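The block underneath contains the structure these notes are about, expressed in structure tokens.
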2 protein chains.
Amino acid sequence: LQHGCVQEATTELAAGVREADLIVVCSPVERIAAHVIDASTHCRDTAVITDAGSTKAATVRAIEAAFKTRDPKKMPFVGGHPLAGSEQAGCQAAVANLFEGRVAVVTPTANTTEANVAMVEQFWQSLGSRTLRMGPEEHDTAVARTSHLPHLIASALAAATPEDCLPLTASGWLDTTRIAAGDVELWRQIFFSNRGPTLKALADFETVLARLRTALETADSKLLAALLAEGKSRRDALGS
Amino acid sequence: LQHGCVQEATTELAAGVREADLIVVCSPVERIAAHVIDASTHCRDTAVITDAGSTKAATVRAIEAAFKTRDPKKMPFVGGHPLAGSEQAGCQAAVANLFEGRVAVVTPTANTTEANVAMVEQFWQSLGSRTLRMGPEEHDTAVARTSHLPHLIASALAAATPEDCLPLTASGWLDTTRIAAGDVELWRQIFFSNRGPTLKALADFETVLARLRTALETADSKLLAALLAEGKSRRDALGS
């Protein structure tokens, strides 16, 4: 309110959702399902509920299970995940155009209605994002590779750097470890809600890393160059 | 010359160094020693020669061995390594203030003169860098951890990301893999000239990564949070 970012604010869920057309739950992933279910008991029948959680399968499963006994056409939830943000937290770190030009994933299932999915897509598109539809499991498998594994790697790299070497870090180390500065509890929950796909992504990473290690150990110049070229071509496909 | 970056240019080493007071050799690491030795036969007796190579021990060893039979007081070389740059190459990627606020390592040995070391330090300081004196081996051990290992990790991460997942990459993946776009042959040479320290740094990284894997496999919430906190605190020590 002080910053002029919102017109109204409340810390009471019931009061916050009562008049809403669209409810976007942005809690840490382990709390999302409970907050969605709670919100659904206080909001209008026509309200649509979505979220911004980094993992989808466990959340979607828990919410849809809770709605199983109700009229399935009244299931108000559509999972969402805007692929934007930084290692910072809090409204001081807010960025007005955070979602411009980014991808927002929307995860319809057999239980969602097309009208609700379209409303959530329009919300993200109105903020400048491109939307992608994916199944919750398909989403989790992909972000394990593009988001969760990189975070794990960045954390390991930062933790493995001896303190007395820090004066010799430059932009390479700073870029590679940047996301390791992310909120610990937030990320612990993300990893825990996506352990299987993250472990699978880690195994594939370790296979590539082992080939790089072999190239170094055996001084295999050709293999090392081939592996570096593979990484470069995958990275070059995306630009800065 | 076209860009106004230099006043004179030549592709002939002998002509380029003949009148120089300070010679900065910026070849790929495997060529530096040969170019320094070559330059020393064409330059003034009073000229000082330094380099900008990412590894130091092999280069310094080769150069000092070549000067062993000459008057040791005439050894004109002092190793250097400015910790600045990007994944880009070529004069189109030039940045006028690239060295401002950065660290430049200078590697004196028993064979360098204090006057020459000071001259190289003053050169980097005149470009805005803070200079650090380290032994060549000490330098290589440290940059294996702060520069070469991060590059190896970034390459492995980029190569391990399936192409069909690239649309789901966001700033985390982009930051973590940025240096993987670096020149392949340049980096192949850097790794080859610093294989031992890089393999040691890799082993330590793999130890930390294995602990993270265990925390995920065993769903050890406390251990995972502790490891993430360790990475965060090391990263937070440096800012963005």
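The values are calculated or read from the model by the stated rules, or taken from the named source; none is laboratory data. No experiment lies behind these values; they were computed from the predicted model shown. Cβ sites come from the backbone with ideal geometry, for glycine too, and all protein chains shown count toward neighbours. The area values use the complete protein model at the heavy-atom level, side chains included, leaving out ligands, DNA and RNA. Shrake-Rupley method; radii C 1.70, N 1.55, O 1.52, S 1.80 Å.
Side notes on the structure shown:
- The residues on offer are B:ASN97, B:ASN116, and the sole one that is among the polar types (S, T, N, Q), open to solvent by 70 Å² or more (accessible area, probe 1.4 Å) and touching a residue at least 24 places away in the same chain (Cβ under 8 Å) is B:ASN97.
- Residue match in segment A:153-162 (condition: within 18 Å of the chain's Cα centre (by Cα), of a type outside the set (Ser, Thr, Tyr) and within 30 Å of B:HIS148 (Cβ to Cβ)): yes
- Helices (runs of 4 or more DSSP H) contained entirely in segment A:72-184, each with at least 3 residues that are within 30 Å of B:GLU138 (Cβ to Cβ) and facing another protein chain (nearest Cβ under 8 Å): A:149-160, A:171-177
- For segment B:190-199, a residue qualifies if it is part of a helix (DSSP H, G or I) and either open to solvent by less than 60 Å² (accessible area, probe 1.4 Å) or among the polar types (S, T, N, Q) (or both), and the qualifying residues are B:ILE190, B:PHE191, B:PHE192, B:GLY196, B:PRO197, B:THR198, B:LEU199.
- Going through (1) over 14 Å from B:THR50 (Cβ atoms); (2) more than 17 Å from the chain's Cα centre (by Cα) one by one, B:GLY85 falls short only on (2).
- Among residues that are more than 30 Å from B:PHE99 (Cα to Cα), of a type in the set (A, V, I, L, M, F, W, C), facing another protein chain (nearest Cβ under 7 Å) and in a helix (DSSP H, G or I), A:TRP187 is included.
- Only listed residue being surrounded by fewer than 17 Cβ atoms within 10 Å (Cβ to Cβ), facing another protein chain (nearest Cβ under 7 Å), of a type outside the set (Asp, Glu) and under 28 Å from B:GLU138 (Cα atoms), chosen from B:LEU202, B:LEU227, B:LEU238, B:LEU209: B:LEU238
Residue-wise test of (1) surrounded by fewer than 18 Cβ atoms within 10 Å (Cβ to Cβ); (2) of a type in the set (Lys, Arg).
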site	(1), (2)
B:ARG133	yes, yes
B:GLU138	yes, no
B:ALA158	no, no
B:ASP175	no, no
B:GLY182	no, no
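- Of everything listed in (1) open to solvent by less than 10 Å² (accessible area, probe 1.4 Å); (2) free of Cβ contacts under 8 Å to residues at least 12 places away in the same chain; (3) acidic (Asp, Glu), the single unmet condition for B:GLU163 is (1).
- Filtered residues of segment B:14-68 (kept if in a helix (DSSP H, G or I), open to solvent by less than 50 Å² (accessible area, probe 1.4 Å) and in contact (Cβ under 8 Å) with a residue 40 or more places away in the chain): B:VAL29, B:VAL36, B:ALA57, B:ALA58, B:THR59, B:VAL60, B:GLU64, B:PHE67
- Residue match in segment B:215-230 (condition: assigned to a helix (DSSP H, G or I), closer than 26 Å to A:GLU217 by Cβ and in contact with a helix residue (DSSP H, G or I) (Cβ under 9 Å, 6 or more places away or on another chain)): no
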